[in-house]
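Accompanying notes for the structure given below.
What follows draws every value from the coordinates through simple rules; no lab data is involved. The structure displayed is predicted, hence computed values, not measured ones. Cβ atoms come from the backbone with ideal geometry, glycine included; neighbour counts cover every protein chain shown.
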Amino acid sequence: REALAVTARLCGPQLERYGRCVAASPESWHRDCHQLSLSVTQCASGHPLVRRIRRDCSDSFGAFERCLRERPRSAAECGPHVTQFLLCAQNVTQRDTQGDTQ
């Protein structure tokens, strides 16, 4: 949650544009919104917590991305991958708030 909050706080306009694009292109968002997705990633990547989540949760996030690529019209099937990633991100965030800054 903290990483998402940081991203929303730092990158709100980029997230808003990306969200509108995804909503407007339910069957082709993965192609049509790619550049906007990159702009969100680029914006968020400067924050230390986001960098730690990207480093520590890269496996679960990669599995989620693969699922989305393999099932572009049925993204709901990727729910378990999202759950794994969010659990990982939550663990990183909890370590961060407890002072673990490795």
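Here are some notes:
- The three principal axes of the Cα atoms in the range 2-100 give end-to-end lengths of 42, 28, 15 Å, sorted in falling order.
- Remark: the range 47-55, residue by residue, has Karplus-estimated 3J(HN,Hα) of 8, x, 5, 5, 4, 5, 5, 4, 5 Hz, where x stands for each Gly or Pro and the curve is 6.51 cos²θ - 1.76 cosθ + 1.60 at θ = phi - 60°.
- In terms of the mean number of neighbouring beta-carbon atoms within 10 Å, the peptides 73-79, 47-53 order highest first as 47-53, 73-79.
- Value of [θ]222 nm, deg cm²/dmol, for the chain, DSSP H segments ≥ 4, -39500 (n - 2.57) each, nearest 500: -24500 deg cm²/dmol
- Size of electric dipole in the range 2-100: Cβ of Lys, Arg +1 and of Asp, Glu -1, about Cα centre, debye, nearest 20: 180
- With Cα atoms, 0 to 90° folded angle of helix 58-70 axis to the chain main axis: 10
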